[in-house]
Structures are given as C-alpha cells and as structure tokens.
Amino acid sequence: QDFRKLHACQHIAPPPFPSRLGGTREGAMVAASIPETMRAFVVEDGTATLRSDYPVPRPGADEALVRVLRAGICNTDLELLKGYKGGFRGVLGHEFIGEVVSAASWPALVGRRVCGELNVSCSSCHNCGRGGTIARNHCLKRTVLGILNHDGTYADYLTLPVANLHVVPDGVPTEAAAFVEPLAAAYRIVEQGLVRSEHRVCVLGDGKLGLLIAEVLSRQGLSSKVTLFGRHASKAALLGDAVVFHESPREASALPDELRGAFDVVVDATGTVEGLKMAATLTMAMGTIVLKSTCASQATIDTSAFVVQELNIVGSRCGPFPEAMKLLEDGSLDVSKYISAVFPLERVAEALEMARSRGCLKVQLAIAPSELSAATGEPPAKRPRAGVS
C-alpha cells in the first residue's frame, strides 16, 4: 500500500509521524476516548430500529475507525429496506464523509476528513488477482458497506480498510463531500468508455442519480446536448441549459416518433421495467443501454426488441472517487442544490420517509454534533442560521 495514493485528490505528501511510536500523539489521545457503544440504525429480521447501545466496531490491523460526520440516503438503502438482495441485516447506508479517529497502519490519517469506497475486497480471489476495476468492484468474496455483511454509515462510527479511503481536500464542504460516492457512480459510465463525443446520449429518470449522471455526461464534450427524460421540469432546471428536457410519458408507446431510435446511448436511471422498455425504444440499432439503478421488484419483459435491434445492455455500478472529487474541488459543480433536507440521526425514520416521497432529491443525515446546526429537515436555502429541529 502507498499512503500517497490516498492523497491523490490533493497531491500532497503524507505528514511525518514518529514511526517508533506506531502513530501520532493525537491519534493515541483520540483512540483512548472511543466509547464502547454508539447510536446506529440497525436492520434485523426485516425490522429497522435506531439503537443507542450498538457496539462501536473495532478496526483490524489495516483498517481505520471513522467517526461519521454526514451520511447520504440512497435509493439502494430504500430498496434494501424493501427486501432487495434477500433482506439486509446490520447498519444501513454507504454514502458518507467522516473523520478518522484511529488507523494503526497509517496513524497520519487521524483527524483527516475522508470518504470511502464501499466494496471491501478480499485481495486473494481470482478477480482480485486481476487487479484494476474488476478487483475494485467485483471481488468474489467482497463485503459491501451498508449493503452486504458490513455495517454502514447510519451510525456514529464505521470501519473500512485504509486502502478504501480518500482524503477530502480542505476546499470541499462537508455536505458536498457526502456526494462523492454517487457522483463516482455517475462517472463510472465515462470510466467504462461507453460514451464518445459524437454520440447522442439520453438519460431516463430525473431522480438524484439521473441528475448527477446528466451533470457528468454534459461535461464530456459531446457534440450535442444530453437529453433528459423526467417528470419534473423544475429538476431539469437545476442543470440550466446543459440538457434538453422532455417529460416522460407513462408508457414507451407514447414516446414521440422523432425520438424513437434516436440515441447511441441511453442511460436508464429509473429502476423500473417501464424505464427499460422506454430505453429499448429510444436506442438506435446496435446502440447501448446502460442500467444504473437497482430495484427490488420482480417483473417480466419482452426481450425481442433487444435481440432484433442488437442492443448492448451494460450494467454500471461503482466508479472512480478521484474523478468525482475533482469535480467537487474545482468548483464547477455545486451539489448543494440537490439537497432536499438534512435531518439528525434521531429523525432517521422521518428522513427515510421523506427520501421515499415523490420529487425528493438527496436527503442527508447529520450524524456528528458539528453537523447538527444544518439538521432542520429543510433544504439548505431555507435553513435558519442556527438551531436544530
């Protein structure tokens, strides 16, 4: 492992520390104050409960203990609560920014703000042996933060391997850094090489992920603007003139004739069967459909259009954190406009209910006391200067 890799987004060298002590004095002081129990939103046997007596996780030799500052609510979290992947057990959540409180293998990380990649690899299976993206995303024995056999972010503390962490530059606000994971997922489409400058590109779905995908793809030097299908013109307005907006019809059969088969690449961020049907209608022969959403519901679909039109269907999951961080650091993308509300952890049930509501974008949880002044249950622009509701 190379510590400097963790700082790739900042291009800074690791600060010195006394190796003979195995860490910094500050690190030792923080470690001594770690409590035995914490608050955590725990799912067990289909029931979700906010507990105050959940054990604080203990990091392994190559792991860090991270105090969570903020956590984002993702649609995958909502699907897990509905039974996606056969039922989830443990602490929910995978989008976060936190502060390292202990890291035995890299004590110089203590006190740094970090976000983290959610796939925890075994480093020994066939896919890990191949390295690169397949190792990052597709370890055969992986655990996944807040999704698969690894407690997540709706808690005071979490653990992750140091290799999964990315230091957040000082210029990136905490509320923006909580977007790194979904923004990286949006950038994965670019990393996969699915979009070229001459392509006509369409994004289906104007939810939080669909809008971030449109933000990323509109910055790729395409010869024509990204087309966005959604139900809310007000959401498309958040992208300004970067996209061409069309209101989504209820059924694929109602799509305008001039847009049928008009796109080289169609990204389906709806997570619905009807969205996939619409994507098949919009994609030109031998074009590509990118699937970006998970969905717990089961359904049947006629695949004849995919065969006759020789369409490529590509799944797309987790993406590159450094590229996402660059977008936030250079100031060209203001993600705060996508925050619908911020809630304290004590109101997590209310936050989840709001996240499920039609038209809602990103809901964040203020976990650490330092973030509570923002936790009013309202968008940033509507918050009072102080106080917690």
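Once you have a ≥ b ≥ c as the square roots of the Cα gyration tensor eigenvalues for segment 324-379, tell me rounded if a/c is under 1.5, and otherwise prolate or oblate according to whether a/b is larger than b/c. Because a/c hits 1.5 or more and a/b fails to exceed b/c, segment 324-379 counts as oblate. Our coupling estimate for segment 37-48, obtained by passing each phi through the Karplus curve with A = 6.51, B = -1.76, C = 1.60 and θ = phi - 60°, is 10, 8, 7, 7, 8, 10, 9, 9, 6, x, 10, 10 Hz, Gly and Pro reported as x. Report the FRET efficiency, 1/(1 + (r/R0)^6), for SER336 and ASP257, where r is their Cβ-Cβ distance and R0 is 25 Å, rounded to 0.05. It comes to 0.05.
Once you have a ≥ b ≥ c as the square roots of the Cα gyration tensor eigenvalues for segment 224-320, tell me rounded if a/c is under 1.5, and otherwise prolate or oblate according to whether a/b is larger than b/c. Cα axes put segment 224-320 in the rounded bin.
Given the options ARG142, ARG89, ARG358, which has the most mean-square fluctuation in a GNM of the chain, springs set between C-alpha atoms less than 10 angstrom apart? Top of the fluctuation ranking is ARG358.
The fraction of accessible area contributed by carbon and sulfur in the chain is 51 percent, rounded to a whole number (1.4 Å probe; ligands and nucleic acids excluded). Convex hull volume per residue, computed on the Cα atoms of the chain, equals 147 Å³. In segment 84-112, whose amide N lies under 13 Å from the spot 7 Å out along Cα-to-Cβ of ARG51? List them in ranges. What the label zone holds, given the 13 Å backbone N cut-off, is 89-92. Of HIS126, HIS94, HIS166, the residue with the greatest mean-square motion in the GNM of the chain, using alpha carbon springs below 10 Å, is HIS126.
With the charge dipole of segment 136-269 set up from +1 on Lys and Arg Cβ and -1 on Asp and Glu Cβ about the Cα centre, the Cα lying farthest toward the positive end among the listed residues ALA186, LEU140, ALA262 is that of LEU140. From its DSSP helices (H runs of at least four residues, each -39,500 (n - 2.57)), the chain gives a residue-normalised ellipticity at 222 nm of -6000 deg cm²/dmol. With both labels modelled 7 Å from their Cα along Cα-to-Cβ, the GLU198 to ASP241 distance reads 2.7 nm.
Overall, the chain carries a charge dipole of about 380 debye about its Cα centre when +1 sits on the Cβ of Lys and Arg and -1 on the Cβ of Asp and Glu, all other atoms neutral.
Put THR37, THR281 in order of accessible area, highest first, and with a 1.4 Å probe you get THR37, THR281.
Counting only Cβ charges, +1 for Lys and Arg and -1 for Asp and Glu, the dipole size of segment 299-370 around its Cα centre is about 180 debye.
GNM on the chain, alpha-carbon springs under 10 angstrom: the most fluctuating residue among VAL307, VAL120, VAL348 is VAL307.
The values are calculated or read from the model by the stated rules, or taken from the named source; none is laboratory data. On a predicted model such as this, the values are computed, not experimentally measured, just so you know. No Cβ is skipped: glycine too gets one built from the backbone with ideal geometry, and neighbour counts run over all protein chains shown. All accessible areas refer to the heavy atoms of the entire protein, side chains included, with ligands and DNA or RNA removed. Shrake-Rupley method; radii C 1.70, N 1.55, O 1.52, S 1.80 Å.
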